[in-house]
């Protein structure tokens with residue numbers, strides 16, 4: 001099984017290639033700017049934000065990120081699992097890693113967004129206790145998503 005570790009610069013190129021492969025090749029989402037992928041450390045590894053990589057035999061097979069939005073709120077981003085490992089429990093392990101970190105850092109709410117046509121993603125979030133909400137708080141960007149969720153953390 002994959003090992004989940006905090007992002008390190010040695011994974012810069014493999015992580016970007018992994019994420020773009022899923023976005024562009026699987027989902028057909030091309031031509032969008034993704035500046036966060038050019039500087040993951042600066043974007044995600046500051047304050048109470050972080051980025052994790054699932055690695056199996058040296059290969060990136062999953063990612064997840066947490067953005068700190070202050071007021072004890074976080075936003076789940078960049079959650080991807082290699083096609084061949086979907087349904088293996090890796091996505092749940094990534095999510096649990098993020099939730100544990102968020103709790104340790106005093107977060108009380110975890111937001112995320114996706115698109116309606118990604119039925120598996122919507123089902124995953126609901127299965128893991130996220131409640132569908134109408135929209136995000138005004139200071140959070142929607143990132144082109146049209147379905148939003150909130151998970152209360154204790």
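Only one of these is surrounded by 11 or more Cβ atoms within 10 Å (Cβ to Cβ) and either at pLDDT below 95 or more than 19 Å from residue 140 (Cβ to Cβ) (or both): 69, 44, 75. Name it. Steps first, please.
On the way: 44 fails: either at pLDDT below 95 or more than 19 Å from residue 140 (Cβ to Cβ) (or both); 75 fails: either at pLDDT below 95 or more than 19 Å from residue 140 (Cβ to Cβ) (or both).
Checking each option against the conditions leaves just 69.
Quick one: residue 33 ticks every box in (1) in a loop (DSSP other than H, G, I, E, B); (2) under 23 Å from residue 120 (Cβ atoms); (3) free of Cβ contacts under 8 Å to residues at least 60 places away in the same chain bar one, so which box is it?
Looking at each condition in turn, residue 33 falls short on (2).
Quick check: is even one residue across segment 21-30 modelled with pLDDT of 95 or more and either under 27 Å from residue 109 (Cα atoms) or part of a loop (DSSP other than H, G, I, E, B) (or both)?
The answer is no; no qualifying residue exists.
Assess whether residue 152 counts as being at pLDDT 95 or above, on the phi > 0 side of the Ramachandran plot and either within 13 Å of the chain's Cα centre (by Cα) or surrounded by fewer than 19 Cβ atoms within 10 Å (Cβ to Cβ) (or both). Full working, then the answer.
Details: at pLDDT 95 or above: yes; on the phi > 0 side of the Ramachandran plot: no; either within 13 Å of the chain's Cα centre (by Cα) or surrounded by fewer than 19 Cβ atoms within 10 Å (Cβ to Cβ) (or both): yes.
So residue 152 fails the test.
Anything in segment 36-57 that is over 17 Å from the mean Cα position of the chain (by Cα) and free of Cβ contacts under 8 Å to residues at least 12 places away in the same chain? List them, or say none.
Correct list: 57 only.
The values are calculated or read from the model by the stated rules, or taken from the named source; none is laboratory data. Given the structure is predicted, the values throughout are model-derived calculations rather than measurements. Every residue, glycine as well, gets a Cβ built from its backbone with ideal geometry; the counts of neighbours run over all protein chains shown.
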